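S.K.: Submitted below is the structure of interest, expressed as structure tokens.
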Amino acid sequence: MTEDQTPMPENTIKSNTAIKWALKNKLFITAVTMFLSIAGYFLAPYFNASMEECIKEHPNNGYLNCVWMKTDQLIQNTALDHIESPPGIAVFLPNPQLEGAFYRDGQIQKSGFIKGRDTYLSTHTRKVNLEFEYYVLDKDRKDGEPLLKNRLLQKMKHLYKENGIRIFILTMSSTASEIRSVFAEWRHTLNQEKPVLIFTVASAPGLVSRKDGIYRSYIRSREETEALASHAVNAGLHHVGIFFITRTLGANDEFYGEKTRELFAKLFLLEAGETSDWDVIQSGNNASAQVKKFLKKHNHKKSGAFVVGYGKMFQRTLQALIDEKFQGNILTVSTYSESSWRPKTSQDTHSDIHFTYPYLRTTDHSTNHRGVVQLFSQNTLLKALNFAAESNSIEEFETSWYNKQCYILNNGPEEDCLINGDSLVHIKVRRAEQDSQ
């Protein structure tokens with residue numbers, strides 16, 4: 001047998017075979033090497049930060065076993081985040097980039113939502129998909145666009161299907177009243193992964209329905225109106241003029257303003273005297289004229305003025321009452337807590353201004369000056385993010401929201417959960433000059 005016919009040793013054969021395989025698969029090996037290098041670069045901080053702790057906790061396992069344990073833990077956590085992602089959230093609010101009182105309120109809401117988002121990100125590591133959607137009223141929509149409720153529903157369906165959004169947060173009573181029925185109809189067509197709709201900065205009655213997955217976290221107009229009507233009775237007022245927001249004079253077509261006017265008149269008439277109605281359009285352009293008409297008959301200490309609305313209507317009506325030196329009590333809603341909506345006052349103001357405000361669980365009295373629009377926007381989104389991060393399905397989220405959404409956040413308002421999915425915010429009537437109580 002010649003030299004070139006001598007069988008090679010077995011280990012040499014294996015070695016040469018491995019070399020030939022490696023030469024044929026250089027690209028694969030290079031890719032694996034690069035992957036391990038990159039993975040090592042990113043995983044190093046994770047392992048270095050916790051390896052010493054692992055070895056101390058398991059001294060008999062050794063370094064390699066700790067590496068294995070940490071790798072397994074990392075894979076499990078990563079799998080949880082990707083395979084069972086928490087339900088996504090979309091926030092719908094008035095377009096803050098547009099002019100007008102309605103959209104100016106959207107600016108305040110956005111600042112609160114951003115604070116809620118930032119608070120969550122500073123304390124949590126689990127990512128929750130969060131999107132912001134801006135809407136416009138029908139009167140401001142482009143030619144040919146669908147009505148607001150249809151535009152909103154189309155967008156919700158798209159976000160549900162394409163982006164995994166299951167939780168929708170929406171603001172403003174008028175918008176909430178339009179979307180609630182079509183949302184409920186859509187939800188009932190789904191057999192599973194049924195979406196949830198949460199209202200905030202929406203205080204009108206008749207908005208929520210637990211069976212339809214519709215909830216709320218905000219001061220309800222019922223509690224505000226009852227508190228202010230009771231205050232008017234206790235103050236001995238004989239007559240109260242109700243200045244309420246409307247879109248069209250004589251039409252009573254603003255849902256929040258009309259429902260609140262109706263309830264206050266009913267409550268006050270039962271307990272004390274009489275009321276008169278004074279509708280003020282959203283721009284507030286007729287506020288001064290309406291106030292002057294009212295004062296011709298009722299400018300005395302036993303008269304009151306109840307102002308319910310928002311934006312320029314709210315600000316200009318209050319300003320007109322002050323400028324015309326109204327002698328009686330001015331009663332108004334928690335909107336007054338927003339500094340941008342307050343009128344200018346002076347030392348010679350003849351009337352007392354009283355407004356509603358939630359009880360806060362806090363020892364920091366400076367927080368009593370926060371506006372309720374920003375406060376509830378922040379807290380509602382923060383609670384939704386917290387519950388979403390703890391959930392792997394929309395069913396888990398809805399159970400948590402229904403059972404625990406009224407828990408007290410730091411410096412948050414005190415709320416009670418109601419069986420129908422609503423929340424009852426504890427409120428008080430404050431005099432405008434009070435600093436904090």
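The values are calculated or read from the model by the stated rules, or taken from the named source; none is laboratory data. As the structure is a computational prediction, the values presented were derived from the model and not from experiment. Please note: Cβ atoms are built from the backbone with ideal geometry, for glycine as well, and neighbour counts cover all protein chains shown.
S.K.: Can you pull out every residue in the stretch 282-309 that is touching a residue at least 60 places away in the same chain (Cβ under 8 Å) and either within 22 Å of residue 236 (Cβ to Cβ) or assigned to a helix (DSSP H, G or I) (or both)?
M.R.: The answer is 302, 303, 304, 305, 306, 307, 308.
S.K.: Shifting gears a bit: Would you check which residues across the stretch 182-221 are part of a loop (DSSP other than H, G, I, E, B), over 28 Å from residue 265 (Cβ atoms) and aliphatic (A, V, I, L, M) and list them?
M.R.: 190
S.K.: Let me ask another. Among the residues of the stretch 161-182, how many are touching a Lys or Arg at 6+ places or on another chain (Cβ under 7 Å) and either modelled with pLDDT under 95 or not aliphatic (A, V, I, L, M) (or both)?
M.R.: Looking only at that region, the number is 1.
S.K.: Another question about this same structure. Go through the stretch 92-104 and give me each residue that's of a type in the set (A, V, I, L, M) and either assigned by TED's automatic domain parsing to the domain that holds residue 340 or part of a loop (DSSP other than H, G, I, E, B) (or both).
M.R.: 98
S.K.: Might you let me know whether the stretch 110-130 holds any residue that is under 17 Å from the mean Cα position of the chain (by Cα) and assigned to a strand (DSSP E or B)?
M.R.: There is at least one residue in the stretch 110-130 that is under 17 Å from the mean Cα position of the chain (by Cα) and assigned to a strand (DSSP E or B).
S.K.: Can you name the residue in the stretch 310-363 that is part of a loop (DSSP other than H, G, I, E, B), in contact with a helix residue (DSSP H, G or I) (Cβ under 8 Å, 6 or more places away or on another chain) and modelled with pLDDT of 90 or more and is also surrounded by the fewest Cβ atoms within 10 Å (Cβ to Cβ) among such residues?
M.R.: My answer is 324.
S.K.: Is it the case, given these coordinates, that residue 276 is part of a helix (DSSP H, G or I) and not aliphatic (A, V, I, L, M)?
M.R.: Spelling it out, it is not the case that residue 276 is part of a helix (DSSP H, G or I) and not aliphatic (A, V, I, L, M).
S.K.: Residue 261 passes all but one of (1) assigned by TED's automatic domain parsing to the domain that holds residue 153; (2) within 22 Å of residue 137 (Cβ to Cβ); (3) of a type outside the set (Val, Ile, Thr); which number fails?
M.R.: Unmet condition: (1).
S.K.: Next question. I'm checking my understanding of the structure. Among residues of the stretch 153-172 that are assigned to a helix (DSSP H, G or I) and of a type in the set (A, V, I, L, M), which one is surrounded by the most Cβ atoms within 10 Å (Cβ to Cβ)?
M.R.: 156
S.K.: While we're looking at this one, here's another question. Report, by residue number, each residue of the stretch 191-212 that is within 12 Å of residue 420 (Cβ to Cβ) and in contact with a strand residue (DSSP E or B) (Cβ under 7 Å, 6 or more places away or on another chain).
M.R.: The answer is 207, 208.
S.K.: Among the residues that make up the stretch 138-152, is at least one of them surrounded by 18 or more Cβ atoms within 10 Å (Cβ to Cβ), among the basic types (Lys, Arg), in a helix (DSSP H, G or I) and not assigned by TED's automatic domain parsing to the domain that holds residue 253?
M.R.: So far as the stretch 138-152 goes, no, none of its residues is surrounded by 18 or more Cβ atoms within 10 Å (Cβ to Cβ), among the basic types (Lys, Arg), in a helix (DSSP H, G or I) and not assigned by TED's automatic domain parsing to the domain that holds residue 253.
S.K.: What pairs come up if the first residue lies in the stretch 330-348 and is farther than 24 Å from residue 237 by Cβ, the second is modelled with pLDDT of 80 or more and assigned to a loop (DSSP other than H, G, I, E, B), and their beta carbons are under 6 Å apart, counting only those six or more places apart or on different chains?
M.R.: These pairs meet every condition: 338/371.
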